[in-house]
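To keep things clear, I will list the structure first and then write my remarks on it.
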Amino acid sequence: MAKKVGTLIKEARTDAGLSQEQLARKIKGLSAAELGKAERGETELTQAFLKEIAKATGVTQASLLNAAKGSAAAAKKTETVKKTATAKKTETAKKTTAAKKTETAKKTTAKKTTAKKTDTELTAAEKKLLEAYREASADAKKNALKLLKGEDLEFADIMKLLKLDSKLDSLGSGDGILGGLKEGLLGGILGKK
């Protein structure tokens, strides 16, 4: 809107047949450079300068003052719109951040609650199994998982799992009582006959 006022000043000056320098000399405190900036809409002049320009160019003061008021009102409206948009963006960002924090907190609480339930829902036997598993060697853990999954285990793996491998090695293998003992143990553990 400052351009509109500037355009009106320039039209009034040219219609009066005055250069920027000539008009500036007629108005105390106004330079030709300031007048040029005002005509290009780069700066706004005070109401006092606008009244003096109107007198010097023969236009009504109301035409320049009303254009200036419209310019100021439009600038104020634009500023209000910018502030409102910025406030809305800030509020939206705050709400989004708060919602994300709340969701994260809910998920964390849910995970903690689930973890607590799992530990408290274990039976005494399950707790013993868990303790034994934690204390077992890597081979024993691997074999225990195979056994629990129902996978076939080698005889030596079963013996390691039961910690009987060193005791049975001394029994030997083959036919007879000692071989039958190994077969019986293996069959009993795996549920085979």
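We did not get these values from a lab; they are worked out from the coordinates using the rules stated. If you're wondering where the values come from, they're calculated on a predicted model, not measured in any experiment. Note: ideal-geometry Cβ built from the backbone for every residue, glycine included; neighbour counts use all protein chains shown.
Observations, loosely collected:
- Placing pseudo-labels 7 Å out from each Cα toward the beta carbon at residue 97 and residue 109 gives an inter-label distance of 2.2 nm.
- Each other residue within a Cβ distance under 13 Å of residue 37 adds +1 if Lys or Arg and -1 if Asp or Glu, for a net charge of -1.
- Under 14 Å, Cβ to Cβ, from residue 98 - net charge with Lys/Arg +1 and Asp/Glu -1: +3
- Too-long pairs where the Cα-Cα distance tops 26 Å, listed order kept, from 4/51; 10/55; 111/142; 3/89: 111/142; 3/89
- Full extension of the segment from residue 19 to residue 128, taken as 0.36 nm per residue of separation minus the current Cα-Cα distance, would add 29.0 nm.
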